[in-house]
Each structure stands twice: as C-alpha cells, then as structure tokens.
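Student: Once you've had a glance at the structure underneath, I'll fire off some questions.
What follows draws every value from the coordinates through simple rules; no lab data is involved. All values reported here derive from a predicted model rather than from experimental measurement. Backbone-built Cβ (ideal geometry, glycine too); neighbour counts: all protein chains shown.
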Amino acid sequence: HHYPLPVAMPSETALQDAIQATHASAIVYCASASKQGGTAFQVDDEGVAIAAKVAAQASKPEARLVVLSALAVDRPNSKSFQITNTIGGNYNGIMDAKRQGEEKVRQTMSNYIILRPGVLLSGKGSGNPQDLELNQGDTIGGGISRDELAQLVVAALQTSQKGITVEAYRKKTATKLQPEFVIPSGREATADTYVGLLNQVRPDENGQPLLL
C-alpha cells in the first residue's frame, strides 16, 4: 500500500507515521528544493538523511530507500555542478546538499539505491530499456525523460541489488561531464529490461560511490 497523503519534510515524525500506517517496505525519495518552500539543505540533505534513518529503523530487514539525486554531484569542478549549484534562492547550494544527502544515506544504511538522472527531457521516451544506459564514476551525463526515469525507479524496487549509486541517461545523449573524461568510460551497463540494467552495476565500495 502507498501512503496517499503529503508528508512534510524534513520531519522524522511525519515520515515515521506514514511508514507505520502502511507497513511500507520501501521509500522513494524524489523531493527536492523548490520555489514553493524548502531549501536545498532542508530537503536534499536533511530530508534525505531523515528518510535513511527512518528506512533503516522501519523494519527488519530495513526498508529499501530509493533516492533521486543528480549527475555530477561528485564533480564540483564540472560546469554542470557549478551552474546548478549557484542558481540561487531555495536552490542555492543544491549540488552540495545532494552530495551530503547521498553520503548520509551510505553512512546510515545498506539497502539503498541512489539514481543520478541526467537532464529531464520533455516528452516521453520510446519505452525501450535498450535506449538507456547506466554508468558509474560520475564522468558521463546526458538526458532522460520522466517516464524513463519512473521505469528505473520501479526497477529499483524490484532488483535484488542494493547499496548502489548509478548515473542514468539515454545512450544517444551521452556527454562527458569534464573535458578530460572519455567515452566510453568502461562502466556502461545496457540491457533489454529496466531491472536488467540495474542488475549489471557494481555496489558502492566502503561506503563510497565508484569513481574513476
């Protein structure tokens, strides 16, 4: 059962109540800072940390946490990081906040999947998982549609994989996040199903994402 009501974040109590009401086995965290309210550090850092804490304590085994983060969070020298991090307003510092939120997830629990989507494209994708590519190392970016990303979120709830951090984008849009990076990176994953994509990636090592 899913929880039908909004959950105020960052609020540990509100999230605990939602988990208890539904006996949920998973949390999908796709909240982020917005003009409507909530700064990057409240939502993308503190809120993610609360979700990890609640998921880890919710049940035995711990509930799964799927976090939507962003490409380039581990590449502060990239243009993608610097432009996004300095938007201003409630978004100011959002890449720093997302990186800190990711780190707290890894420090708190093991049953997590962190998805780093590329730029969200307008329109729908083809529905063919073979059009997508997953990568690790935060060197390659690209674009992905919202429905393609949603399919990956569902797959993240279905796969037996856990403790992974991956970048996701359409193959045709693959671009280097910094000039010195190369394509292919050597860590590309492709498959004919969305679950199959996630089944090919490597777990994080020693509480850290895989970096090249």
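Student: Given the criterion within 24 Å of Glu46 (Cα to Cα) and either free of Cβ contacts under 8 Å to residues at least 40 places away in the same chain or surrounded by 17 or more Cβ atoms within 10 Å (Cβ to Cβ) (or both), identify the matching residue among Gly142, Gly163.
Tutor: On the way: Gly142 fails: within 24 Å of Glu46 (Cα to Cα).
On inspection, the qualifying residue turns out to be Gly163.
Student: Filter region 184-209 down to residues that are closer than 12 Å to Gln130 by Cα and touching a residue at least 60 places away in the same chain (Cβ under 8 Å) and give me whichever is surrounded by the fewest Cβ atoms within 10 Å (Cβ to Cβ).
Tutor: Asp192
Student: In this structure, does Leu134 turn out to be surrounded by 19 or more Cβ atoms within 10 Å (Cβ to Cβ) and in contact with a helix residue (DSSP H, G or I) (Cβ under 7 Å, 6 or more places away or on another chain)?
Tutor: The answer is yes for Leu134.
Student: Let me ask something else. Would you be able to say whether some residue in region 167-183 is under 16 Å from the mean Cα position of the chain (by Cα), touching a residue at least 40 places away in the same chain (Cβ under 8 Å), surrounded by fewer than 22 Cβ atoms within 10 Å (Cβ to Cβ) and within 16 Å of Val66 (Cβ to Cβ)?
Tutor: No, region 167-183 contains no residue that is under 16 Å from the mean Cα position of the chain (by Cα), touching a residue at least 40 places away in the same chain (Cβ under 8 Å), surrounded by fewer than 22 Cβ atoms within 10 Å (Cβ to Cβ) and within 16 Å of Val66 (Cβ to Cβ).
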